[in-house]
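A quick write-up on the structure given underneath.
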Amino acid sequence: QAWGVGSPVFAYRKEGSPPPEQALAALAAGQWGVVSAAQLAALGFSAAGVTRRVQAGRLHRLHRGVYAVGHRSLAVQGRWLAAVLACGPGAVLSHRSAAHWNLLATSATRVDVTAARGRRGAPGIRLHRSRSLDAQDTTTHQGIPITTVAKTMLDLAAALPAHRLERALAQAERLHLYDHAALTQIIERANGHRGQRALQHAVAQEPAFTRSDLEARLLALTRQHGLPAPLVNHILAAPDHPRLEVDFCWPAHQLIVETDTYQTHGTRADFEHDRRKDAALAAAGYTVIRFTDQTRPAEIATRLRALLRR
């Protein structure tokens, strides 16, 4: 039996089984358009036959021993699976690329893969070698071998700043992927993993559903400076505005903080909307202050401390 993804592919054709080309098309369709050399051999394609199909443009080499079928226009999942196949049996998508769980926005161009020591990487792949990757820390998601959510969080904890890790945990809870028992267990058996302490600290925090890195950084700053915990992305009412969502709210202090970035507040329409929103909140008795991604953290902490002491 050849190693692969999805249903096993056998190195011989059973009587009545589909022709190799048809079987290849079906396999590729279930694997985001990519196949491995081992899978091609299992379907009955010789090395010379693979070479002929590459020359004819029916197979396109992505990595050593990994091909796209028909064309190179792959979805990102196809690129991820190709990278996993390139790193051999037991390899899994991991680290930032395991944000395939939709836990973390990432623009990384290289694919993170964890594989056994001795495996070789390839251009475009960031290979993490593991002495032993416990089977309970791997699974399959959308047909791609991948680290579990808990293992992904542990690996991310070693690489991300605290505010981004907390945001990923909050996203996991929003998507109903958060498993406190699994996170606790993986922390306990982390055996000195670089992310162990950071994940333990993050799991102890109350998850807050921030929508941007700027929001996440501001929330982390309030904790670092021992400021009262705000309500995050809170809905409240104001005159003629029965439903207003604000980024941060301290009801006892009648204080609201809005975080602005050029990407989300960079148009004239956004500017006018924000002014109307601020006027409505002021009419309801709130003090509204705005910080941008250019505001220095020390300035934010100083202003918040003064306003929350009133």
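The values are calculated or read from the model by the stated rules, or taken from the named source; none is laboratory data. These figures come from a predicted structure and were not determined experimentally. Because the Cβ atoms are built from the backbone with ideal geometry, glycine has one as well, and the counts that use them run over all protein chains shown. Side chains are part of the model used for accessible areas, which takes the heavy atoms of the whole protein and leaves out ligands, DNA and RNA. Shrake-Rupley method; radii C 1.70, N 1.55, O 1.52, S 1.80 Å.
Here are some notes:
- Close amide H partners of residue 43, meaning residues 5 or more places away or on another chain with modelled amide H under 5 Å apart, do not exist here.
- The angle separating the long axis of helix 268-283 from the principal Cα axis of greatest extent in the chain is about 40 degrees.
- Percent of beta bridges antiparallel (DSSP, region 76-214, rounded to nearest 5): 45 percent
- Rounded to the nearest 20, the size of the Cβ-charge dipole of region 190-310 about its Cα centre is 460 debye, with Lys and Arg at +1 and Asp and Glu at -1.
- Entry for volume of the Cα convex hull per residue in Å³ (calculated from the structure that is shown) out of (1) 291; (2) 181; (3) 119: (2)
- Potential extension, residue 253-residue 295 segment - 0.36 nm per residue separation minus Cα distance: 12.9 nm
- Pairwise label distance in nanometres, residue 234 with residue 270, each label 7 Å out on the Cα-Cβ vector: 2.4 nm
- Overall dimensions of region 172-310 as given by Cα atoms, namely Rg and Dmax in Å: 17.6, 57
- Percent RCO, i.e. relative contact order, over the chain, from Cα pairs under 8 Å lying at least 6 residues apart: 10 percent
- Contour minus Cα-Cα distance for residue 176 and residue 120 (0.36 nm per residue): 16.6 nm
- Residues residue 75 and residue 279, FRET efficiency given R0 of 30 Å [Cβ-Cβ distance, rounded to 0.05]: 0.10
- Relative packing of 33-41, 211-219, which averages over residues the other C-beta atoms within 10 Å, highest first: 33-41, 211-219
- Among 191, 127, 304 the positive-end extreme of the charge dipole of the chain (Cβ point charges): 127
- Given +1 at the Cβ of Lys and Arg, -1 at the Cβ of Asp and Glu and no other charges, the dipole of the chain around its Cα centre is 1240 debye to the nearest 20.
- Other-chain or far-sequence residues with amide H under 5 Å of residue 125's (modelled H): 111
- Note on the chain: with a GNM built from Cα contacts shorter than 10 Å, the maximum mean-square fluctuation among 67, 178, 286 falls on 286.
- Length available on full extension from residue 51 to residue 243: 0.36 nm per residue minus the Cα-Cα distance, which gives 62.8 nm.
- With a Förster radius of 35 Å applied to the beta-carbon distance between residue 129 and residue 213, the computed FRET efficiency rounds to 0.70.
- Residue 195 long-range amide H proximity, modeled H, under 5 Å: 158
- Length-normalised contact order for region 17-145 - Cα pairs under 8 Å, 6+ apart - percent: 19 percent
- Helical mean residue ellipticity (222 nm; -39500 (n - 2.57) per DSSP H run of 4+; nearest 500) of the chain: -11000 deg cm²/dmol
- Integer Hz, Karplus 6.51/-1.76/1.60 couplings in order for region 234-247, x for Gly and Pro: 8, 9, 9, 10, 9, x, 6, 9, x, 9, 10, 9, 10, 5
- Charge dipole of region 105-198 (Cα centre as origin; +1 on each Lys and Arg Cβ, -1 on each Asp and Glu Cβ, all else neutral): 520 debye, rounded to the nearest 20.
- Carbon + sulfur, % of accessible area of the chain - ligands and nucleic acids excluded, 1.4 Å: 51 percent
- Helix 20-29 axis, angle to the chain major axis (alpha carbon atoms, nearest 10°): 10 degrees
- FRET efficiency, residue 140 to residue 204 (Cβ-Cβ, R0 30 Å, nearest 0.05): 0.50
- For region 71-85, 3J(HN,Hα) computed residue by residue from phi via the Karplus equation (6.51, -1.76, 1.60; θ = phi - 60°) reads 7, 9, 7, 9, 5, 4, 4, x, 5, 4, 5, 4, 5, 5, 4 Hz, glycine and proline entered as x.
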